[in-house]
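Scroll down for the structure; my scribbles are underneath it.
The values are calculated or read from the model by the stated rules, or taken from the named source; none is laboratory data. None of these values were measured; they are calculated from a predicted model. Don't worry about glycine lacking a Cβ; one is built from the backbone with ideal geometry, like all the others, and counts go over all protein chains shown. Ligands, DNA and RNA are stripped out before the accessible areas are found, and what is left, the full protein with its side chains, is counted by its heavy atoms. Shrake-Rupley method; radii C 1.70, N 1.55, O 1.52, S 1.80 Å.
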Amino acid sequence: MIAFRIAALALPLAAALLAPALLAWKPGWKAATLAHAALCALVVLFGLISGAGMAVLLGVVLLASSFTLLATGIHLAMGQVAAGLVACLLAGSVFLAPQAVDDAIQRNQLAAIAPRINLCFSVSPWAGMASSLFGMDVLRDFRSLYRAHLADYADVRIPGWGDLATGYAIVGIIVGGAGLAVRRRFRRSPA
(Lines give C-alpha, C1' and ligand atoms only; values in the text may rest on other atoms or scores of the structure.)
Protein backbone atom coordinates (compact mmCIF):
# COMPACT_ATOMS: atom_id res chain seq x y z
CA MET A 1 0.00 0.00 0.00
CA ILE A 2 2.91 2.34 0.70
CA ALA A 3 4.31 1.93 -2.83
CA PHE A 4 0.89 2.74 -4.27
CA ARG A 5 0.51 5.85 -2.09
CA ILE A 6 3.95 7.12 -3.04
CA ALA A 7 3.27 6.49 -6.74
CA ALA A 8 -0.17 8.11 -6.48
CA LEU A 9 1.19 11.18 -4.72
CA ALA A 10 3.99 11.49 -7.30
CA LEU A 11 1.66 11.06 -10.29
CA PRO A 12 0.16 14.58 -10.52
CA LEU A 13 3.49 16.38 -10.51
CA ALA A 14 5.23 13.81 -12.73
CA ALA A 15 2.44 13.93 -15.30
CA ALA A 16 2.21 17.73 -15.13
CA LEU A 17 5.94 18.07 -15.80
CA LEU A 18 6.02 15.40 -18.51
CA ALA A 19 3.06 16.53 -20.64
CA PRO A 20 4.31 20.06 -21.47
CA ALA A 21 7.77 18.68 -22.23
CA LEU A 22 6.33 16.15 -24.67
CA LEU A 23 4.04 18.74 -26.27
CA ALA A 24 7.13 20.64 -27.39
CA TRP A 25 8.44 17.47 -28.99
CA LYS A 26 7.61 16.64 -32.63
CA PRO A 27 4.77 14.08 -32.10
CA GLY A 28 3.26 16.51 -29.56
CA TRP A 29 -0.23 15.54 -28.41
CA LYS A 30 0.15 11.85 -29.17
CA ALA A 31 3.35 11.53 -27.16
CA ALA A 32 1.95 13.54 -24.26
CA THR A 33 -1.25 11.49 -24.19
CA LEU A 34 0.55 8.15 -24.41
CA ALA A 35 3.03 9.10 -21.71
CA HIS A 36 0.24 10.28 -19.40
CA ALA A 37 -1.70 7.07 -20.03
CA ALA A 38 1.41 5.00 -19.27
CA LEU A 39 2.02 6.83 -15.98
CA CYS A 40 -1.62 6.41 -14.96
CA ALA A 41 -1.57 2.72 -15.91
CA LEU A 42 1.52 2.16 -13.78
CA VAL A 43 -0.09 3.80 -10.75
CA VAL A 44 -3.32 1.86 -11.31
CA LEU A 45 -1.30 -1.36 -11.50
CA PHE A 46 0.34 -0.52 -8.15
CA GLY A 47 -3.12 0.23 -6.76
CA LEU A 48 -4.60 -3.04 -7.97
CA ILE A 49 -1.67 -5.00 -6.54
CA SER A 50 -2.04 -3.23 -3.17
CA GLY A 51 -5.81 -3.79 -3.11
CA ALA A 52 -6.92 -0.17 -3.46
CA GLY A 53 -10.56 0.38 -4.29
CA MET A 54 -11.76 1.45 -7.71
CA ALA A 55 -13.04 4.77 -6.32
CA VAL A 56 -9.56 5.60 -5.03
CA LEU A 57 -7.94 4.62 -8.32
CA LEU A 58 -10.44 6.68 -10.30
CA GLY A 59 -9.87 9.67 -8.02
CA VAL A 60 -6.10 9.45 -8.36
CA VAL A 61 -6.25 9.25 -12.16
CA LEU A 62 -8.81 12.04 -12.52
CA LEU A 63 -6.97 14.38 -10.16
CA ALA A 64 -3.65 13.74 -11.92
CA SER A 65 -5.25 14.18 -15.34
CA SER A 66 -6.87 17.48 -14.44
CA PHE A 67 -3.61 18.74 -12.87
CA THR A 68 -1.89 17.77 -16.13
CA LEU A 69 -4.58 19.67 -18.05
CA LEU A 70 -3.80 22.73 -15.93
CA ALA A 71 -0.07 22.43 -16.65
CA THR A 72 -0.79 21.92 -20.35
CA GLY A 73 -2.99 25.01 -20.44
CA ILE A 74 -0.29 27.08 -18.77
CA HIS A 75 2.23 25.64 -21.22
CA LEU A 76 0.08 26.71 -24.17
CA ALA A 77 -0.32 30.21 -22.75
CA MET A 78 3.05 30.95 -21.18
CA GLY A 79 5.50 28.22 -22.08
CA GLN A 80 7.03 25.08 -20.64
CA VAL A 81 9.11 26.75 -17.93
CA ALA A 82 6.10 28.62 -16.52
CA ALA A 83 4.05 25.43 -16.57
CA GLY A 84 6.73 23.56 -14.63
CA LEU A 85 7.14 26.34 -12.09
CA VAL A 86 3.39 26.64 -11.46
CA ALA A 87 3.00 22.87 -11.17
CA CYS A 88 5.85 22.66 -8.65
CA LEU A 89 4.55 25.65 -6.69
CA LEU A 90 1.00 24.28 -6.48
CA ALA A 91 2.12 20.78 -5.58
CA GLY A 92 4.67 22.01 -3.06
CA SER A 93 2.45 24.64 -1.49
CA VAL A 94 1.86 22.35 1.50
CA PHE A 95 5.53 22.75 2.33
CA LEU A 96 5.23 26.55 2.31
CA ALA A 97 2.67 26.55 5.14
CA PRO A 98 5.22 26.40 8.01
CA GLN A 99 7.10 29.38 6.60
CA ALA A 100 3.86 31.32 6.14
CA VAL A 101 2.91 30.64 9.77
CA ASP A 102 6.37 31.52 11.08
CA ASP A 103 6.32 34.78 9.13
CA ALA A 104 2.89 35.71 10.51
CA ILE A 105 3.99 34.90 14.07
CA GLN A 106 7.15 37.00 13.74
CA ARG A 107 5.13 39.94 12.40
CA ASN A 108 2.47 39.43 15.09
CA GLN A 109 -0.26 38.95 12.45
CA LEU A 110 -2.06 36.02 14.04
CA ALA A 111 -5.28 36.70 12.13
CA ALA A 112 -3.43 36.04 8.86
CA ILE A 113 -2.38 32.52 9.83
CA ALA A 114 -5.60 30.65 9.05
CA PRO A 115 -6.07 32.13 5.55
CA ARG A 116 -2.42 31.46 4.70
CA ILE A 117 -2.61 27.83 5.78
CA ASN A 118 -5.91 27.35 3.98
CA LEU A 119 -4.46 28.81 0.78
CA CYS A 120 -1.39 26.60 0.96
CA PHE A 121 -3.47 23.45 1.46
CA SER A 122 -6.39 24.28 -0.81
CA VAL A 123 -4.36 24.42 -4.04
CA SER A 124 -2.17 21.35 -3.53
CA PRO A 125 -3.05 18.08 -5.28
CA TRP A 126 -1.06 16.24 -2.63
CA ALA A 127 -3.13 17.61 0.24
CA GLY A 128 -6.40 16.91 -1.59
CA MET A 129 -5.37 13.39 -2.50
CA ALA A 130 -4.02 12.54 0.94
CA SER A 131 -7.02 13.87 2.81
CA SER A 132 -9.93 12.87 0.59
CA LEU A 133 -8.66 9.70 -1.09
CA PHE A 134 -6.35 8.23 1.55
CA GLY A 135 -8.17 9.52 4.63
CA MET A 136 -5.13 11.16 6.21
CA ASP A 137 -5.26 14.17 8.50
CA VAL A 138 -2.49 16.04 6.73
CA LEU A 139 -1.68 18.44 9.59
CA ARG A 140 -1.88 15.98 12.45
CA ASP A 141 -0.55 12.78 10.85
CA PHE A 142 2.67 14.48 9.74
CA ARG A 143 3.55 16.61 12.76
CA SER A 144 7.29 16.30 12.22
CA LEU A 145 6.92 17.51 8.64
CA TYR A 146 4.74 20.54 9.34
CA ARG A 147 5.69 21.31 12.94
CA ALA A 148 3.08 20.62 15.60
CA HIS A 149 1.98 24.24 16.02
CA LEU A 150 0.39 24.44 12.55
CA ALA A 151 -2.60 22.39 13.64
CA ASP A 152 -3.11 24.69 16.60
CA TYR A 153 -3.55 27.81 14.49
CA ALA A 154 -6.02 26.84 11.83
CA ASP A 155 -8.99 24.70 11.04
CA VAL A 156 -7.83 23.76 7.57
CA ARG A 157 -10.53 23.02 5.05
CA ILE A 158 -8.80 20.92 2.41
CA PRO A 159 -11.00 20.55 -0.66
CA GLY A 160 -11.90 17.08 -1.85
CA TRP A 161 -10.22 15.58 -4.88
CA GLY A 162 -13.29 16.22 -7.04
CA ASP A 163 -13.30 19.93 -6.25
CA LEU A 164 -9.60 20.21 -6.97
CA ALA A 165 -9.88 18.23 -10.19
CA THR A 166 -12.74 20.42 -11.40
CA GLY A 167 -10.87 23.61 -10.53
CA TYR A 168 -7.66 22.49 -12.22
CA ALA A 169 -9.51 21.42 -15.37
CA ILE A 170 -11.51 24.65 -15.65
CA VAL A 171 -8.49 26.89 -15.12
CA GLY A 172 -6.39 24.78 -17.51
CA ILE A 173 -9.01 24.97 -20.26
CA ILE A 174 -9.49 28.73 -19.82
CA VAL A 175 -5.77 29.56 -19.70
CA GLY A 176 -4.91 27.17 -22.53
CA GLY A 177 -7.78 28.43 -24.68
CA ALA A 178 -6.73 32.03 -24.09
CA GLY A 179 -3.14 31.16 -24.97
CA LEU A 180 -4.19 29.46 -28.21
CA ALA A 181 -6.48 32.37 -29.11
CA VAL A 182 -3.68 34.89 -28.60
CA ARG A 183 -1.30 32.79 -30.71
CA ARG A 184 -3.83 32.53 -33.54
CA ARG A 185 -4.50 36.24 -33.42
CA PHE A 186 -0.79 37.09 -33.69
CA ARG A 187 -0.33 34.64 -36.55
CA ARG A 188 -3.19 36.19 -38.54
CA SER A 189 -2.27 39.82 -37.99
CA PRO A 190 -0.09 41.25 -40.79
CA ALA A 191 3.38 42.31 -39.77
Worksheet item: Among MET129, ALA77, SER50, whose Cα sits farthest toward the positive end of the charge dipole of the chain (+1 at Cβ of Lys/Arg, -1 at Cβ of Asp/Glu, about the Cα centre)?
Response: ALA77
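Return one whole number: the accessible area per residue of the chain in Å², for a 1.4 Å probe. Numbers along the way, then the final one.
Working: 10240 Å² over 191 residues.
It amounts to 54 Å² per residue over the chain.
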Worksheet item: How high is the relative contact order of segment 1-138, given as a whole-number percent (alpha carbon pairs under 8 Å, six or more residues apart)?
Response: 26
Worksheet item: Using a probe of 1.4 angstrom, how much of the accessible area of the chain is carbon and sulfur, in percent?
Response: 68
Discussion item. Sorting check: for 92-99, 64-71, 116-123, which peptide has the highest mean count of neighbouring beta carbons within 10 Å, and how do the rest follow?
Written reply: 64-71, 116-123, 92-99
Worksheet item: Largest first, what is the accessible-area ranking of ARG107, ARG5 with a 1.4 Å probe?
Response: ARG107, ARG5
